[in-house]
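What follows draws every value from the coordinates through simple rules; no lab data is involved. No experiment lies behind these values; they were computed from the predicted model shown. Glycine gets a Cβ as well: all are built from the backbone with ideal geometry, and neighbour counts include every protein chain shown.
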Amino acid sequence: MPKKIAIVIPVFREAENLPVLYRRLDLVTSRLSEFTWEYIFVNDGSPDNSYEVLLNLASTDSRIKVLDLSRNFGKEIALTAGAYEARNVDAVICIDADLQHPPELIPVLIDKWVGGAEMVVTIRVTSDREPLFRKWGSDLYYWLMNKCASFEVIPKATDFRLYDRKVVTAFCQATERERMFRGIMDWMGFRREFVEFSAAARTGGEAGYSYSKLWQLAINSLTAFSLWPLRLTGYLGLLISGCSGLLLLWMIGNYLLKTKLVYTPLAIFVVANTLLMGIVLMAIGLVALYVGTIHTEVINRPLYLIREKINFDLVDE
Ligand code: UDP
Ligand code: MG
């Protein structure tokens, strides 16, 4: 039995890129005929005619499967949906539809996989015409991640990766909702190998994650999950009790030593009261940490909803 490899492609506003991508993928996979291939295009609620383009492609090639999500769920969920639907294959390759990930690299990924790697991660070494602001944003992001995460996050590692079936099976056990696809993959470990490539500029369409969209995403997650305001309370409490605590010590010291600066008992009382207020805020912040966790667990909404599945075998249902 030849090994089966699924290529998962999240699609959002990529109508003009899809035919080119398919042609390039097909060229690569036809040279790797020792494997059987399937393409899983996940249409992530594209407002353009990406879906029609995909339907056209699917009618010419039965290896093309199309997953049409009911609305735009974001790339992370689109990738998750693709990985879930590709469970009975030997490996999954995730690749962006915007041609920033060269399909011509796939044979290299396969080589590493055949050589024993369970996850092959591509690293983007250069990118022409990347806006400075975006670059700073991603630098800051990686810096923060490496500070906060309990596992190593490799800068410039992309979503263009090959995952062994074992990794995909393990991934399907992840239940967290606020997910970052490659974050979960990195957290899981497994034998990883790295491949470098230089990214090309976008050839068509525009980046799905515009600044305004990124900002909106940040604001939305703030209000919809409302953990940050609560956590902020805790930090505010920490600040208030820290400052007033120091001030109180200073005042009491002066009061006892009877140096030139002597504070009235009322002033000391006011500062002590502020300290208590800070402690109460801190306690609220602590409770908020637990409430936040319970909140995300309790919501338990489905990760994605599929409107239609095209070219999926009925036996799979
Ligand atoms: N994408 C998606 N849903 C979205 C935004 C993007 O499925 O809401 C897809 C998009 O079609 C592309 C990939 O995710 O295949 C990467 O998107 P983009 O190039 O906008 O992101 P970046 O390259 O900045 O990571
Ligand atoms: Mg891109």
Beyond 28 Å (Cα-Cα) in this structure, taken from LYS3/LYS147; LYS65/LYS135; LYS65/LYS147; LYS135/LYS309; LYS3/LYS65; LYS75/LYS156, we find LYS3/LYS147; LYS65/LYS135; LYS65/LYS147; LYS135/LYS309
Scalar couplings 3J(HN,Hα) for the range 11-23 by Karplus 6.51 cos²θ - 1.76 cosθ + 1.60 (θ = phi - 60°), nearest whole Hz, x for Gly and Pro, are 10, 9, 6, 10, 3, 6, 8, 4, x, 5, 4, 4, 4
So the FRET efficiency between ASN49 and TRP143, C-beta based with R0 = 45 Å and rounded to 0.05, is 0.70
Net charge near ASP186 (other residues with Cβ under 9 Å of its Cβ; Lys, Arg +1; Asp, Glu -1) is +1
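Expressed in nm to one decimal, what extension gain is obtained for the pair ARG63 and ASP111 from 0.36 nm per residue of sequence separation less their Cα-Cα distance?
Values: separation 48, 0.36 × 48 = 17.28 nm, distance 2.23 nm.
Fully extending the segment from ARG63 to ASP111 adds 15.1 nm.
Tell me, in nm to one decimal, what length is gained between LEU276 and PHE133 on full extension, where the rule is 0.36 nm per residue of separation less the Cα-Cα distance? Write down the numbers at each step before the final one.
On the way: separation 143, 0.36 × 143 = 51.48 nm, distance 4.22 nm.
So the extension gain works out to 47.3 nm.
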One point scatterer per Cα, no solvent, Debye formula: log10 I(q)/I(0) for the range 1-138 at q = 0.10, 0.11, 0.14, 0.16 Å⁻¹ comes out as -0.34, -0.41, -0.67, -0.88
The local net charge around LYS75, scoring Lys/Arg +1 and Asp/Glu -1 for residues other than LYS75 whose Cβ lies under 9 Å from its Cβ, equals -4
Residue span GLU297 to THR259: 0.36 nm per residue of separation minus Cα-Cα distance leaves a gain in nm of 8.0 nm
Of the range 77-96, those with amide N under 16 Å from the point 7 Å along the Cα→Cβ vector of PHE190 are 79-95
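Loop only per DSSP, at most 15 neighbouring Cβ atoms within 10 Å: give me the trypsin sites (Lys or Arg not before Pro) in the range 77-135, ordered by residue number. Before the final figure, lay out the partial values.
Working: sites: ARG87, LYS112, ARG124, ARG129, ARG134, LYS135; in loops: ARG87, ARG129.
Qualifying residues, ordered by number: ARG87, ARG129.
What order, most packed first, do the peptides 67-76, 97-106 have when packing is the mean number of other Cβ atoms within 10 Å of each residue?
Details: 67-76: 18.4, 97-106: 20.8.
Highest to lowest by the protection proxy: 97-106, 67-76.
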For the range 1-91, averaging the sequence separation of alpha carbon pairs under 8 Å that lie six or more residues apart and dividing by its residue count, the contact order in percent is 39 percent
